[in-house]
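The values are calculated or read from the model by the stated rules, or taken from the named source; none is laboratory data. Please read these numbers as outputs of a predicted model, since none were measured by experiment. Glycine gets a Cβ as well: all are built from the backbone with ideal geometry, and neighbour counts include every protein chain shown. Side chains are part of the model used for accessible areas, which takes the heavy atoms of the whole protein and leaves out ligands, DNA and RNA. Shrake-Rupley method; radii C 1.70, N 1.55, O 1.52, S 1.80 Å.
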Amino acid sequence: MEAYLDNSATTKVFENVKNIMVETMTKDYGNPSSMHMRGVEAERYIRQSAKTIADILKVEEKEIIFTSGGTESNNLAVLGAAMANRRSGMHIITTAVEHASVHSPMEFLEEQGFRVTCLGVDALGVISLEELEHAICEDTILISVMYVNNEIGSVMPIDGIADIIRRKKPDILFHVDAIQAFGKFEIYPKRQHIDLLSVSGHKIHGPKGIGFLYIRDKCKIKPVLFGGGQQKGLRSGTENVPGIAGLGVAAKEIYENLPEKRVRLQELKNYLIGELQQIENVKVNTQMGNETAPHIVNASFVGVRSEVLLHSLEERNVFVSAGSACSTNKQTVSATLKGIGLSNEETESAIRFSFSIFTTREEIDYALDMIRELLPKLRLYTRKK
């Protein structure tokens, strides 16, 4: 048996996604910038996907810019907004637990003279709205916060942040990294007063190498890529038509019957947490219930390093993560796990489980059986060393 429980890293594409991508690569394969019929056919796929996504978010098609994925969307939002508005101020607020694709651009902006305030989190992985309000000053031009934490599944108070911005300094741009939230939550940027929203395709059963950035109409932002001027000059380069077409299909399919999908994911999450809590020396780092995302569970298996447990499970066809897929190749301490107050031993033994709509109870039971079998042996081995 196989248990794939690393869906926050990537997901299997929907069958309809595969089909439309094959169609755009073998039949309607024109360059969307070409003026002949093949180009017109290719452009039609782009417009259709933009309409699908705009309808889901209840925004306008012209406010959707397609990118190569979450990293580019976050870079365009953070760098583009900062550079376009630097005359109005040089202060940006973010959190200490952001993904590297937000954290690294922030470091670059600091090198360019911007001042960046990083808010800490509480034991649940959530920022303090009071601390955020105190951090806002006359020079603040941008606030960038993730919707769902990719390691422990905590949900940031997006509506509360927007309320503070509107009340204290309405011209601040609000960027939300929704890469782990899109397809799990109903998100309405206009209603929630979000100016910039980043999404990645391969987290929602779409293809890798595609994503989008919602940019509120009349929001000042500068491009970070220059060339042929595609997508209103905000993202030059020939559009990835197969990826865009697949993303549109994935977005439509993931949002069909979303409440039922959420309930099922929530049940799987709560079941796994309940079972893990009964295993000796296991600390669950994700809150049970509706306060956190329905598809992520993080737990520390004290006495066994996460990499050791990960590879031992892999040998039994159980696939999990030792952290963010984008950072597991770096020997760095998780800012999220450190931020919520875990000890070094708890941090070094943390494993992330993440589900999709394809995940079954049988997969989770199999993973639990393997964990129960492996842990005593691995802990004994560790003590002997």
Between a residue in segment 11-26 that is open to solvent by 70 Å² or more (accessible area, probe 1.4 Å) and any residue that is modelled with pLDDT of 95 or more, which pairs come within a Cβ distance under 7 Å, given they are 6 or more apart or on different chains?
12/205; 12/358; 16/249; 16/253; 25/242
Residues of segment 301-321 that turn out to be over 18 Å from the mean Cα position of the chain (by Cα), surrounded by 19 or more Cβ atoms within 10 Å (Cβ to Cβ) and either β-branched (Val, Ile, Thr) or within 28 Å of residue 158 (Cα to Cα) (or both), as a count:
2
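When you scan segment 245-283, how many residues do you find that are among the hydrophobic types (A, V, I, L, M, F, W, C) and within 18 Å of the chain's Cα centre (by Cα)? Walk me through it before giving the result.
In the first step, residues of segment 245-283 are kept if they are among the hydrophobic types (A, V, I, L, M, F, W, C); the result is 245, 247, 249-251, 254, 258, 263, 265, 268, 272-273, 276, 279, 282.
Imposing the further condition that a residue be within 18 Å of the chain's Cα centre (by Cα) reduces the set to 247, 250-251, 254, 258, 265.
Here the count works out to 6.
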Please state which of the following conditions residue 104 fails to meet, knowing it meets all the rest: (1) over 30 Å from residue 134 (Cα atoms); (2) surrounded by 14 or more Cβ atoms within 10 Å (Cβ to Cβ); (3) free of Cβ contacts under 8 Å to residues at least 12 places away in the same chain.
(1)
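State all residues of segment 339-385 that are under 30 Å from residue 120 (Cβ atoms) and hydrophobic (A, V, I, L, M, F, W, C); if no residue qualifies, say none.
Kept after step one, since they are under 30 Å from residue 120 (Cβ atoms), are these residues of segment 339-385: 339-355.
Result: 340, 342, 350, 351, 353, 355.
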Long-range neighbours under 7 Å by Cβ, at least six apart or interchain, first residue β-branched (Val, Ile, Thr) within segment 307-332, second assigned to a loop (DSSP other than H, G, I, E, B) and at pLDDT below 95
328/322
Checking residue 110 against (1) in contact (Cβ under 8 Å) with a residue 24 or more places away in the chain; (2) surrounded by fewer than 23 Cβ atoms within 10 Å (Cβ to Cβ); (3) over 21 Å from residue 208 (Cα atoms): exactly one of these is not met. Which one?
(1)
Boolean, residue 56 is closer than 19 Å to residue 217 by Cβ, touching a helix residue (DSSP H, G or I) at 6+ places or on another chain (Cβ under 9 Å) and either not in a loop (DSSP other than H, G, I, E, B) or not aromatic (Phe, Trp, Tyr) (or both):
yes
Please verify whether segment 193-215 includes one or more residues that are of a type in the set (Lys, Arg), out of contact with any helix residue (DSSP H, G or I) (no Cβ under 8 Å at 6 or more places or on another chain) and open to solvent by 10 Å² or more (accessible area, probe 1.4 Å).
no
Go through 187, 172, 221, 273 for me and flag whichever is within 24 Å of residue 290 (Cα to Cα), at pLDDT 95 or above and in contact with a helix residue (DSSP H, G or I) (Cβ under 7 Å, 6 or more places away or on another chain).
187
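Does residue 289 satisfy the condition of being at pLDDT below 95, closer than 17 Å to residue 123 by Cβ and surrounded by fewer than 17 Cβ atoms within 10 Å (Cβ to Cβ)? Write out each step before concluding.
Working: at pLDDT below 95: yes; closer than 17 Å to residue 123 by Cβ: yes; surrounded by fewer than 17 Cβ atoms within 10 Å (Cβ to Cβ): yes.
Judged against the criteria, residue 289 is a match.
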Only listed residue being more than 21 Å from residue 57 (Cα to Cα) and of a type in the set (Gly, Ala, Ser), chosen from 233, 243:
233
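Quick one: in segment 254-279, of everything that is touching a residue at least 60 places away in the same chain (Cβ under 8 Å) and more than 30 Å from residue 207 (Cβ to Cβ), which residue is least open to solvent (accessible area, probe 1.4 Å)? Steps first, please.
Start the filter on segment 254-279 by keeping residues that are touching a residue at least 60 places away in the same chain (Cβ under 8 Å), which leaves 254-255, 258, 261-262, 264-265, 268-269, 271-272, 275-276, 279.
Those still in the list that are more than 30 Å from residue 207 (Cβ to Cβ) too: 271, 275-276, 279.
Details: 271: 52, 275: 43, 276: 0, 279: 26 Å².
This residue is 276.
Just need a number here: residues in segment 80-101 that are open to solvent by 30 Å² or more (accessible area, probe 1.4 Å) and touching a residue at least 40 places away in the same chain (Cβ under 8 Å).
The initial filter retains those residues of segment 80-101 that are open to solvent by 30 Å² or more (accessible area, probe 1.4 Å), namely 83, 86-88, 90, 96, 99-100.
Now narrow it down to the ones that are touching a residue at least 40 places away in the same chain (Cβ under 8 Å): 83, 86, 88, 90, 96, 99-100.
Number of matching residues: 7.
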Can you pull out every residue in segment 242-281 that is within 25 Å of residue 371 (Cα to Cα), in contact with a strand residue (DSSP E or B) (Cβ under 7 Å, 6 or more places away or on another chain) and part of a helix (DSSP H, G or I)?
269, 272, 273, 276
